[in-house]
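To keep things clear, I will list the structure first and then write my remarks on it.
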Amino acid sequence: MIAIYTITSGLHDEAAVKAVSDEFLAGVFPDGGFEMKGADFSDFGSAPLNLIYVRTGGAEGIFRNLLPGLLERGVKAFYLLTSGKSNSLAASLEILSYLRQQGLKGEVLHGSDEYLRGRIALLQKVESARRTLSGTRIGVIGQPSDWLISSTWDPAALQTKLGLTLDHIPMDSLFEAFDQEPGRPVEAVSRQCLYRGPFSGPRTSPLPADEQPFAGSPKVKQAFPGAEKVYNAIKTLIADRGLGALTIRCFDLLTSIHNTGCYALALLNSEGIPSSCEGDIPALLSMMIAQALTGRTGFQANPARIDVQTGEMLFAHCTIPFNMVDEFCYDTHFESGIGVGIHGHFPEGPVTVFKVSGSLHRAFIAEGELFRNQYEANLCRTQVWLRLSPADARYFLTDPIGNHHIIIPGHHGSLLHEFVVGALGVDY
């Protein structure tokens with residue numbers, strides 16, 4: 001719901017102002033969808049999106065007097081809706097200039113009904129995403145992998161800008177939860193671990209008669225019960241510690257329990273719990289923001305090959321979420337050759353590549369097309385070719401934000417741009 005608060009100069013005739021306001025709001029909101037709060041600002045900021053409708057000129061002083069109380073309520077940005085009549089635009093410009101002088105953020109919402117509907121819908125999504133993220137507890141299971149030397153983060157920025165908190169969990173806590181899981185015998189999961197097809201939850205029914213197991217299936221069959229135990233152990237930590245997202249130093253699993261976290265993370269992401277590999281917090285933040293804004297799960301992957309002349313890039317990783325693919329099969333984890341990795345077929349079509357830095361002061365957003373899936377034995381198991389602009393492809397060779405980036409189905413550049421500029425303050 002959108003809440004609309006009003007400021008109006010007493011110099012104007014209220015009946016005339018009301019007639020103008022009713023006509024203006026009916027054009028911008030033909031289907032309703034807002035609550036008129038009027039001049040009572042006592043609960044300002046409580047709705048997903050709060051607009052200040054500057055109805056007339058001469059209202060600047062009223063806003064200046066309101067501002068201290070609004071700031072006490074934690075308001076970070078002010079959206080000034082104006083009809084352009086009764087000198088409302090002039091007043092809005094003066095108010096916005098005053099906000100800028102105070103180092104505060106704001107925007108005048110002015111234009112055609114069509115423009116305003118689109119702009120308000122975009123702001124509504126951004127504010128809704130900000131609220132979704134605020135208060136989320138992120139589990140950091142173990143330390144980031146040793147090779148992520150640039151993938152640092154700023155806890156203060158995460159708290160201040162997004163309301164996120166980090167819960168550092170020792171790997172031993174995961175191993176203890178793992179040891180307490182009874183697990184299932186290999187025979188009980190042998191059919192499931194050979195399954196290839198659309199994801200619709202765990203599959204235990206017999207395979208079709210003509211289904212052929214992929215190469216290496218006996219090894220994966222043996223690893224599958226352990227991979228299930230990793231998933232169940234992480235779910236225990238999520239429940240016990242109230243986690244809304246997590247990242248894990250997954251390569252420690254290779255030596256400690258001789259298995260991997262690929263299956264667990266693929267399943268968690270499919271369930272709507274953003275989960276990143278290798279303890280990569282910036283990648284996780286990117287996944288969280290993308291999901292909160294678009295409702296789509298993201299695929300954490302790293303570039304493997306780049307042609308800057310054509311903009312064509314190969315991305316790969318072993319843990320694509322099941323709900324992002326139209327078919328998949330299980331394989332081993334690439335680097336170690338053990339455990340359970342995911343070889344998925346990512347549907348061709350429009351995609352967006354996204355990454356924020358761990359300090360939330362940088363972002364990369366690029367729209368492109370996924371035009372081919374492939375499988376090579378010497379790469380991580382899910383391998384997709386994307387076509388970006390040559391300039392966007394060159395970013396990876398000149399000024400990348402780490403190696404992992406997030407691939408999201410669909411084109412979401414405008415929405416992501418609005419969030420990183422409006423909510424994070426990125427000079428993008």
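Every number here is computed from the coordinates shown, using simple stated rules; none is lab data. Keep in mind that this is a model prediction, so the values were computed, not measured. No Cβ is skipped: glycine too gets one built from the backbone with ideal geometry, and neighbour counts run over all protein chains shown.
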Residue exposure sequence - H110, H417, H412 - by fewest surrounding Cβ within 10 Å:
H417, H110, H412
Taking every alpha carbon pair in the range 2-133, what does the distance histogram look like in 5 angstrom bins from 0, in percent?
2, 10, 22, 25, 22, 13, 4, 1, 0
Simple SL model, points at 7 angstrom along Cα→Cβ for E369 and T160; separation in nm is 4.3 nm
Could you work out the per residue convex hull volume over the alpha carbons of the range 294-428, in cubic angstrom?
110 Å³
With 0.36 nm assigned to each residue of separation and the Cα-Cα distance removed, D179 to D240 gains 20.3 nm
May I ask you to compute the full-extension gain from E348 to S128, defined as 0.36 nm times their residue separation minus their alpha-carbon distance, rounded to one decimal in nm?
76.3 nm
Starting from 0 in steps of 10 Å, tell me what percent of the Cα-Cα pairs of the chain lands in each bin.
4, 20, 26, 21, 15, 9, 4, 1, 0
Under 22 Å Cα to Cα from K161, which lysines show up? Leave out anything in the same chain fewer than 8 places away.
K76, K105, K125, K355
Expressed as an acute angle from 0 to 90° and rounded to the nearest 10, what is the orientation of the C-alpha long axis of helix 413-422 relative to the principal long axis of the chain?
60 degrees
If I model a spin label as a point 7 Å beyond the Cα along the Cα-Cβ vector, how far apart are those points for S97 and H417 in nm?
2.8 nm
Where Rh is the Kirkwood radius over Cα pairs, Rg/Rh for the range 347-411:
0.98
For the chain, longest principal axis from Cα atoms; helix 217-241 axis from its Cα atoms; angle between them, nearest 10 degrees, is 40 degrees
Give the percent of DSSP beta bridges with both residues in the chain that are antiparallel, rounded to the nearest 5.
55 percent
Check which residues have an amide H placed less than 5 Å from F44's amide H, if you skip close sequence neighbours.
none
Compute the angle between helix 113-133 and the longest alpha-carbon principal axis of the chain, please, reported from 0 to 90 degrees and rounded to the nearest 10.
50 degrees
Can you compute the modelled spin-label distance between A39 and E335, with each label point 7 Å from Cα toward Cβ, in nm?
6.5 nm
What residue among Q180, L379, V75 has its Cα farthest toward the positive end of the dipole of the chain, where the charges are +1 on Lys, Arg and -1 on Asp, Glu, each on the Cβ?
V75
Inter-part gap, Cα centre of the range 227-264 to Cα centre of the range 283-306, in whole angstrom, is 19 Å
Net length gained if the chain between N378 and D326 were fully extended (0.36 nm per residue, minus Cα distance)
16.4 nm
